[in-house]
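Presented below is the structure to which this report refers.
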């Protein structure tokens, strides 16, 4: 998706949908969590009266935790392999290394994030 802001600048981000119980639901990615967090902080800081910003999605077993403060996910950030896999599926170039280290020494299953998690 390409976002065009009021000042004319643009940015690109991915957005994801999942099908649950026959319905399509929006699944927030790490960029969207960060976007909403910054919007809420901006609304709070610039408000002289009352303002609120909120975002919600239907609970899902494959929900992804918010991006850690250091900006890098590790397998320890997830409770289950399914959660880690959901993030991996959003970008299979695996920028966080959830599918294990690259190279010939890797003995895990390609395409499976954080195999050691339950």
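Nothing in this text is a laboratory measurement; each read-out follows from the coordinates by a stated rule. Here the structure is a predicted model, which is why all the values come from computation and not from measurement. Note: ideal-geometry Cβ built from the backbone for every residue, glycine included; neighbour counts use all protein chains shown.
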Ranking 107, 15 by Cβ neighbours within 10 Å, fewest first, what do you get? 107, 15
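Sort 5, 67 so the one with the fewest other Cβ atoms within 10 Å of its own Cβ comes first.
On the way: 5 8, 67 19.
Sorted ascending by nearby Cβ count, the order is 5, 67.
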What distance in nm lies between label points placed 7 Å from Cα along the C-beta direction at residue 15 and residue 76? 3.5
Pull out the extension gain between residue 109 and residue 26, defined as 0.36 nm times the separation in residues minus the alpha carbon to alpha carbon distance; nm, one decimal. 27.0 nm
